[in-house]
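One structure below.
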Amino acid sequence: MMLQSPLRLLPRPSRTGRSGQESRVCMIPHYLIVLTALGATVGIRPAVAQETSRPNFVIIVADDLGFSDIGMFGGEIIHTPNLDRLASEGVRYTSFYVAPTCSPTRSMLLSGTDNHLAGMGNMYEKMAPNQLGKPGYEGVMNDRVHHLPELLKTAGYHTYMAGKWHLGKEPGNIPRARGFERDFSVLPGSASHFNMDPVQDTNDHAQYTEDGEYIEDLPRDHYSTKTITSKAIEYIESNRGDGKPFLAYVAYQAPHDPLQVPDSWLRRYKGKFDEGWDSIRRTRLKNMKRLGLIDEDAKLAPRIWFVPEWDRLTGIAQVMAARKYEIYASMVEYLDMEVGRIVDYLEKTGLRENTYIVFLSDNGAEAQDIEGSFRGRRASAQANHIANKYRTDFASWGRRDAFLTYGPPWAQVSNTPFWLYKVTTAEGGIRSPLIVASPKKKGAGSINRDALLHVKDIAPTLLELAGVQEPPVRDGVYPMQGVSWRQMLEGTVTSPRSEEDWLAWEIMGMRAVRKGPWKITWIHKPLGLERWQLFNIDDDPVEQTDLSERYPEKLRELLAHWDDYVRDNNVIIPNRTSFDGLEDRFPPRPDSLVEWSPRNERNYEPKAEDN
């Protein structure tokens, strides 16, 4: 996504928010920048004053968490007391955007630059033939952008990482090579939460590094969320006595598939979701209105047309479908517990008083029903791999040796009230919850609905807060494109962008541009129409009323920005995607999604495993 105007290096002149508009701020938990790393219990030494007043930064990234899964964003059942407490001490932002998929988001977070320039123009797993070997499509975070941990390390910061990397596996591309002083990292996009069994890669095991070295063994009691937290705390504690500030990047694997939890957590939500996805979405919408996250007259996006009404499922199908979300909810609560462990550590050591915490998700909720898609079709390499590595029978769901995903119906619940999900450029794919908690807890408990924010803003924001100047522009290295949030965090402006600034997206041919309240999208069939549509996001956040024919001049205006984005960021539209041919395998898309009910159609429906 790209800001229209070029980056201004420090010091930045004052920028106003939306001219002439009052900020819609509600006194409810506010999103402080909380990028959380969960850690194990460690010995606590007396606090040591930092050598300077430069702040610490903890960036916590959840993997595939939906917009409304946690309590302070409308979640009605999943228990998230620690994230809710963080929100009550910080500011929640409701218009924060990420990429449609994980590794592009991570490349922009750590570089402050569009993913097409940073090397993640497409995920390496999805690279199209016409993108292979092209600049910006290396499938790793490349050397032509600045790396936030390198800049902070050079400026005297300790730099720590624990969690998912997904930005390269070769020695020159691992976290140590990108500026992290210490790291515990799972290198691929997904893996078992209990061991080194891979998911997307058909290698013998998923690759991990610690402190720049490839490792062959994990801690004896390894569960990804717990280990990631423990390592983050261990690293911070190891140098706390020297008083230097630190960056801790905590990138959880959870709640990314496979959906797995410790045995004692398997029944934690038994029966909690028996009312089904339709009722739960309605309840979440009410909660979001009560919290002030959305307008009182806001509506739900229609149920996706190939998803059946809950009440039309058979009893066994309801039991099986609810079980999937029970496991997912347990993963989210466990994640919350570990975030709490990090925050508690910071408070006990006195570090919280000088630490910014940022919490976000890397993209919208995941809708793939991987094991269901492969059932009966064991021809692909990944299907054979999952069949050989994991159990998929109902009795095993959620266990350490099982593979489970939850599919489109629950993804839409997690993304309430928005349309669609991960991989798409609809709001359900690119809008993320964001909490930013500042050292002085400024704006505690409030909600900012005015600020138009992007994940590539985080790097320049942290640099400015640390008093670190971005290096001068030089040949071969792109300047950061994000904008600093410092004035917004200090309360002098409500948004770092004006109505004239714009953002843009592309991944796997999915496209979008947003400027002020206006947004255009181009989404592959069968999920979209494969043509540009125009929406007013302020009036229609669920993207159901196409205004392209009513406002052709506005459409042309945003299409001109799209052309600029393609040119300036070396965007190459793929000549082959995983959506090719899918339209014939889906039920026909109705003309009116709002009025349609999927009766007598071929629907998505969970099926029992053959035992």
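Just want the answer: with Cβ charges of +1 for Lys and Arg and -1 for Asp and Glu, which residue in LEU453, VAL473, SER438 is farthest toward the dipole's positive end in the stretch 424-475?
Of LEU453, VAL473, SER438, it is SER438.
Taking the Kirkwood radius as the inverse of the mean 1/r across Cα pairs, report the Rg/Rh of the stretch 428-508.
Details: Rg = 14.3 Å, Rh = 14.6 Å.
Radius of gyration over Kirkwood radius for the stretch 428-508 works out to 0.98.
Treating the beta-carbon of each Lys and Arg as +1 and of each Asp and Glu as -1, no other charges, what is the dipole magnitude of the chain about its Cα centre, to the nearest 20 debye? It would help to have the intermediate numbers written out before the result.
Numbers: 75 positive and 83 negative charges, 132 e Å.
It comes to approximately 640 debye.
Any aspartates and glutamates with Cα under 12 Å of the LYS270 Cα? List them, leaving off those in the same chain fewer than 8 positions away.
Those aspartates and glutamates meeting the cut-off are GLU326.
How would you rank 109-122, 403-416, 160-173, highest first, on the average number of other Cβ atoms within 10 Å across their residues? Intermediate results must be reported in sequence, preceding the final value.
Details: 109-122: 28.7, 403-416: 25.6, 160-173: 23.1.
In decreasing order of mean packing, 109-122, 403-416, 160-173 become 109-122, 403-416, 160-173.
If you bin the C-alpha pair distances of the chain every 10 Å from 0, what whole percents do you get?
The percentages, shortest bin first, are 3, 18, 30, 29, 16, 4, 0.
Can you tell me the relative contact order of the chain? Whole percent, Cα pairs under 8 Å, sequence separation 6 or more.
Details: 1484 pairs, mean separation 161.5, N = 611.
Reported relative contact order: 26 percent.
What's the center-to-center distance, using Cα atoms, between the stretch 102-142 and the stretch 397-436 in Å?
Centre-to-centre distance over Cα atoms comes out at 22 Å.
Give the ranking of LYS389, LYS270, LYS554 by solvent-accessible surface, highest area first, calculated with a 1.4 Å probe.
Details: LYS389 75, LYS270 140, LYS554 50 Å².
Sorted by accessible area, descending: LYS270, LYS389, LYS554.
Restricting to the chain, compute how many DSSP beta bridges are antiparallel as a %, nearest 5. Please report the intermediate quantities before stating the final value.
On the way: 31 of 59 bridges.
Looking only at bridges with both residues in the chain, the antiparallel portion is about 55 percent.
Once you've got the Cα coordinates, tell me which of LYS515/LYS554; LYS324/LYS525; LYS286/LYS440; LYS286/LYS515; LYS134/LYS519 are over 20 Å apart.
Working: LYS515/LYS554 10 Å; LYS324/LYS525 27 Å; LYS286/LYS440 32 Å; LYS286/LYS515 28 Å; LYS134/LYS519 29 Å.
Violating the 20 Å Cα-Cα cut-off are LYS324/LYS525; LYS286/LYS440; LYS286/LYS515; LYS134/LYS519.
Sort the stretch 68-203 into rounded, prolate or oblate with this rule: let a ≥ b ≥ c be the square roots of the eigenvalues of the Cα gyration tensor; rounded if a/c is under 1.5, and if a/c is not under 1.5, prolate when a/b is larger than b/c, oblate otherwise. Display every interim value, and only then the final one.
Numbers: a/c = 1.60, a/b = 1.40, b/c = 1.14.
In terms of gyration-tensor shape, prolate.
Identify, among THR101, ASN239, MET510, the residue whose Cα sits farthest towards the positive end of the charge dipole of the chain, taking +1 on the Cβ of Lys and Arg and -1 on the Cβ of Asp and Glu, with the dipole about the Cα centre.
ASN239
Excluding residues fewer than 8 places away in the same chain, name every one of the aspartates and glutamates whose C-alpha is closer than 16 Å to that of LYS422.
Hits, sequence-local ones excluded: ASP63, ASP64, ASP69, GLU125, ASP257, ASP362, GLU366, ASP369, GLU506, GLU543.
Using heavy-atom solvent-accessible surface (probe 1.4 Å) with all chains present, what is the largest-first order of THR283, THR101? Don't skip to the answer; put the middle values down first.
Values: THR283 50, THR101 0 Å².
So, going from the largest accessible area down, we get THR283, THR101.
Rounded to the nearest 20 Debye, what is the dipole magnitude of the stretch 232-315 about its Cα centre when Lys and Arg each give +1 and Asp and Glu each give -1 at the C-beta? Don't skip to the end; give the middle numbers.
Numbers: 15 positive and 13 negative charges, 57 e Å.
My answer is approximately 280 debye.
Of LYS231/LYS348; LYS164/LYS442; LYS164/LYS231, which ones are farther than 19 Å apart at the Cα? Walk me through the numbers on the way to the answer.
On the way: LYS231/LYS348 17 Å; LYS164/LYS442 30 Å; LYS164/LYS231 13 Å.
Beyond 19 Å: LYS164/LYS442.
The values are calculated or read from the model by the stated rules, or taken from the named source; none is laboratory data. Note that the structure is predicted; figures quoted are calculated from it, not measured. With ideal geometry, Cβ positions are generated from the backbone for all residues, glycine too; neighbour counts draw on all protein chains shown. Remember, those area values only see protein heavy atoms, side chains included, never the ligands or the DNA or RNA. Shrake-Rupley method; radii C 1.70, N 1.55, O 1.52, S 1.80 Å.
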